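Quick note: the coordinates plus some simple rules give every number you see, no bench work behind them. If you're wondering where the values come from, they're calculated on a predicted model, not measured in any experiment. Positions of Cβ are generated from backbone atoms using ideal geometry, with glycine treated the same way; all protein chains shown enter the neighbour counts.
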Amino acid sequence: MDILQVVGFKNAGKTTLLCELVSALAQDGLRVGTVKRDAHDTFEPDTRGTDSWLHRRAGALVTAVSSPARTAWFACVPRTLDELIDGMKPFGLDVVLAEGFKTAPYPKIAIVRTDADAELLRLPGVLAVMLREPAPAVQAEAAGLGLAAFRSEGAERQALIDFIRSRYSRR
């Protein structure tokens, strides 16, 4: 099972890119899973008033909800990316796309808004950079590090998706 991270600062476009990658890889016939990091302790993964919400409010640390079509787990305990990936293994996935978890050692796409975000290039495992705005210093640093850099619009955005597809899709 391959792992790819999408990282960036708040409102950089991580979720949008991750969803596009999920769609592209699934179209290629891959079984894709996702993991999302939420930095807020107040994150509420379920809807107020539902049975699972009531169970968690009552003190359950882990709640599972299952229907004929899907299962969801809600756990009120922190987990590392490695632990979450281990939980995905029984599903026979080809690739797991992780949103966030900047310091984890897996291959990643760094989404950069401006030159001020250049520190993202020095995270472990960066394969490619998506530039939201012109960022000459970041582009020069990416080139110096041998990283592929793509603009976030149009043909270059599609080129980034194709770059990832060529790396993860079946031949």
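For the chain, set up a Gaussian network in which alpha carbons nearer than 10 Å are linked by springs, and say which option among 97, 25, 145 fluctuates the most. Most flexible of the set in this elastic network: 145.
Name all residues of the range 102-124 having a backbone nitrogen under 15 Å from the label point set 7 Å from the Cα of residue 82 along its Cα→Cβ direction, giving them as ranges. Only 103-107 pass the distance filter. GNM remark for the chain: springs join alpha carbons under 10 Å apart, and the peak mean-square fluctuation among 148, 58, 159 falls on 58. Only DSSP H runs of four or more residues enter the estimate; each adds -39500 (n - 2.57), and after division by the residues of the chain the mean residue ellipticity at 222 nm equals -9500 deg cm²/dmol. Shown for 89, 10: other C-beta atoms within 10 Å of each C-beta, ranked fewest to most, produce the order 10, 89.
Of the beta bridges DSSP finds with both residues in the range 50-154, what % are antiparallel, to the nearest 5? Could the numbers behind the result be given before it?
On the way: 5 of 14 bridges.
Here the share of antiparallel DSSP bridges comes out near 35 percent.
Each Cα pair under 8 Å and six or more residues apart adds its sequence gap; the mean of these over the residue count of the range 48-151 is a relative contact order of 16 percent. As a rough footprinting exposure proxy, the listed residues 102, 14 were ranked by other beta carbons within 10 Å of their own, and the order from fewest upward is 102, 14.
Going from the fewest other Cβ atoms within 10 Å to the most, the residues 130, 88, 1 appear in the order 1, 88, 130. Within the listed set 128, 60, 140, the Gaussian network model of the chain (springs between alpha-carbon atoms below 10 Å) gives the highest mean-square fluctuation for 60. According to the square roots a ≥ b ≥ c of the eigenvalues of the Cα gyration tensor, what is the shape class of the range 107-171, taking rounded for a/c under 1.5, prolate for a/b larger than b/c otherwise, and oblate for the remainder? Note, shape of the range 107-171 comes out oblate.
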